[in-house]
Amino acid sequence: MAVIDQYFQYLVASGGSDLHLSEGQAPKMRANGAISPIADGILEHATIDFMLREICDPAAYERYLEKGDLDFAYEMDAQSRFRCNYFKQNKGLGAVFRLIPTKIKTISDLGIPDRIERFGDIRSGLVLVTGPTGSGKSTTLAAIIDYINRTHARHIITVEEPIEFVHNHKKSTISQREVPIHSPSFADGLRASLREDADIVLVGEMRDLETISLALTAAETGLLVFGTLHTNNARKTVDRLVDVFPSDQQSQVRTMLAGSLRGVVAQLLLKRDDTPGRVAVNEILVTTPAVSAVIREGATQKLYDIITGGREYGMQFMDDAIWQKMLAGQVSPVEAYMKAIDKSRFRAALPPEYAAIGNSGGSV
C-alpha cells in the first residue's frame, strides 16, 4: 500500500470529494463544498515528494518537476479511482486529487432532467456540457455515454486528460484515449477519430481554436461530438465558441454552429440546505429552427426568450432551475442568490440580514 493511500482511505470513508496536499501546509479535504484540515502538522518537502513520486510513473514525475504541472489517474483499489493534478506553488510541491466514482450513475441517479439523457439518441451534431470546474460536467457526460453504451450499438471514442470514468463494453464499443499518453493533444485525438470508424467522440476539453474547429467539422461530417467548456449558461457558450475564431471567420463559424449544434447543458452545483451535500441545477438549450436562426444572426441575447419559452422541447433556464430548488427547500435563498444570473429576482427572498447587500447589487 502506498503511503498516500491512508489519506485516500480517509477521504472515501468521510464522504469527501477532493484531497489537497501542499508543501508547507497541513493535508486538507473538501467535503460538501467546504475545505478543512484532516491532520495536524505541515507537509515537509521530503514527505510530499515521496508520496507524489510513489504513485506516479517515473518519467511523468520528472516531466512534472520540469514543467510544473501533471494530470493522470490513480487507482487505489477496485472501488477507488482518483484524478490527480500535480502542480508547483510558491512554497514547493502541491497536488489535488478528485475521487472518481467507479460506479457510473445514471441521469436519474444524478437527479437531473431526463431530457439530458435523450441527447444520447442523436445521430450527429455537437452537444456541449458546460460549467465551472468542479460542477460535475464529467459525471453528467459519463452518464450520457453510459446510456448510449447500454442502449445503442455504436463505436464511442473518448479523448480525455486523464481518463476518469472507465466504461466497460456493453452494446457499444468504447475506446478511451488519454492525453498525452495515447494522443499528444485533444486536437490530435479528435483528428484521428475521423479515421477510426467512430460514431461518437467525447472531447474532454475544448480549450483552443484547433480543437473547436475540428469538433465543428466532425459534427458537420456526421459524428456525434460531446465536448465541455467552462461557461455558465447557453448564451455564453455560443459566444465563447464564436469568439475563439478571428473576426473574419466568425460569420462562417456562426453558420457552421447553427447547422451542427444540437444542444447545450450548463451545470452548477449548489450547496444543499435540507441535507449535507450538493445538488446539481441545469440550463438546457435544445436546438430548434429558431435557435439556429439566432446563432446564424449573431443575436445570442434572444436565446433567453427562446429557452424560457421552450419548455415543450425540454428547455430550461438556469434561474428557473435554481428558483425551483429554492422553493423546494433544497437550497437556501442566499445560495440561490449567489448562483443566479439575474439576482434581482432572488433579492426579495433573502433573509433580513442579507437584504442590504442584495439591494446594493453586491455579492453575499
Counting helices only, and only those DSSP H runs with n ≥ 4, report the 222 nm mean residue ellipticity of the chain as the sum of -39,500 (n - 2.57) divided by its residues, in deg cm²/dmol to the nearest 500.
-10500 deg cm²/dmol
Please list, in order, the residues from the range 97-140 whose amide nitrogen is less than 17 Å from a point placed 7 Å along the Cα→Cβ vector of T217.
125-126
From the convex hull of the Cα coordinates of the range 210-299, what is the mean projected area in square nanometres?
6.9
Residue separation times 0.36 nm, minus the C-alpha to C-alpha distance between R347 and S17: what's the value?
115.7 nm
How much length, in nm to one decimal, is gained on full extension between S247 and D57, taken as 0.36 nm per residue of separation minus their Cα-Cα distance?
64.1 nm
What net charge do the residues around D319 carry, taking every other residue with its C-beta under 10 Å from that of D319, with Lys and Arg at +1 and Asp and Glu at -1?
0
Below 11 angstrom from the Cβ of G259, what's the summed charge of the other residues (Lys, Arg +1; Asp, Glu -1)?
+2
Accessible surface of the range 203-343 [probe 1.4 Å, protein heavy atoms]: carbon and sulfur percent
47
At 1.4 Å probe size, put E160, E205 in order of accessible surface, largest to smallest.
E205, E160
How far apart, in nm, are the 7 Å Cα→Cβ label points at T275 and F50?
4.1
Here the residues of the range 83-107 lying in the modelled label zone of K170, meaning backbone nitrogen under 12 Å from a point 7 Å along Cα-to-Cβ, are 104-107
Evaluate the Kirkwood expression for the hydrodynamic radius of the chain, namely the inverse of the mean inverse distance over all pairs of different C-alpha atoms, and round to one decimal in Å.
22.0
In square nanometres, what is one fourth of the surface area of the convex hull spanned by the alpha carbons of the range 96-140?
4.2
What nm distance separates the two modelled labels at Y304 and D114, each placed 7 Å from Cα along Cα→Cβ?
3.1
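The values are calculated or read from the model by the stated rules, or taken from the named source; none is laboratory data. Quantities reported herein were computed from a predicted structural model and do not represent experimental measurements. Counting neighbours? That spans all protein chains shown, and the Cβs are built from the backbone with ideal geometry, glycine included. Note: areas computed on protein heavy atoms with side chains; ligands, DNA, RNA excluded. Shrake-Rupley method; radii C 1.70, N 1.55, O 1.52, S 1.80 Å.
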